[in-house]
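Taken together, the values in this text are just the output of simple stated rules run on the coordinates, not laboratory data. All figures in this text were calculated on a predicted structure; none of them were measured in a lab. Glycine gets a Cβ as well: all are built from the backbone with ideal geometry, and neighbour counts include every protein chain shown.
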Amino acid sequence: MSKSLVKYLYRVICLAFLYLSYPSHAQQKTFDTQVHTWWSNKTIVELNKNWSILNELHFRRSNVIMDWQQFIVRPSIHYSTKMNLNPGLGYTYVLNFPYLENSKPINVPEHNVWQELVWVLGKKKFQFSQRLRIEERFIGMPTEIADNEFVITDYNFSQRLRYKFGVSIQMKKHEKLFLKTFDEVFFDFGNNSSPAGISQNRVYVGMSWKFIDKCRLAFGVLDQLIIRNPGNLYENNITTEVSLICKIGHKKE
């Protein structure tokens, strides 16, 4: 990776932190702090040395683990190139539950399709990864039909850009253990072609354990900051994340 590119990425991440923390973006900020637990399973089916199919299941709980926050299904297809540039195409179904105090009492569905490009640099012991994902989102719109009774009558279209920068470091004395960290910034576009601004930032630190040849168990802590409209409500979520990632199918040479 060139020095100029490293400096550019560093500036992007620093600007994201500054944007999210600088107090002038709202006259009065209200923070809603939540504690979540996210459980996920990722299954990768390797068709050959280039093509693979991935499916993700996410079970996200709020109020530590007592209530539902989200249920997510995310199938996708990916292509690996010799230049470590890996494009992907996928679909996501999200069911959002009313976990916030001021949420409308209805489960809100979302359907989105997305395109991404992943760039991985480095060897097994030390890797940088970058992911750029564009989402076309169709989000359910609740309509009140009676007193505090809502139904989904239509879907609102919006777009979102996600940029993720991560680092993976293999432990010297424990080769099956890896330190994982990443920062992911979300830019909302609405239904326009120009970004409306940063809407979310996620910072993760955790460990990954390769307990058998093609399966890993990951455990970490995620700090998530969400800027709710019109910008004076901030949701800060401290999340414990547990993931099981397994590969099946084609064996790489």
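Computed from phi, the 3J(HN,Hα) profile of segment 92-108 under the Karplus parametrisation 6.51, -1.76, 1.60 (θ = phi - 60°) reads 10, 10, 10, 10, 8, 9, x, 8, 7, 4, 9, 6, 6, x, 7, 7, 9 Hz, with x in place of Gly and Pro.
Ordered by the number of other Cβ atoms lying within 10 Å of each residue's own Cβ, fewest first, V203, V35 fall into the sequence V35, V203.
Principal semi-axes of the equivalent ellipsoid, √(5λ) from the alpha carbon gyration tensor of segment 3-249, are 31, 22, 19 Å from largest down.
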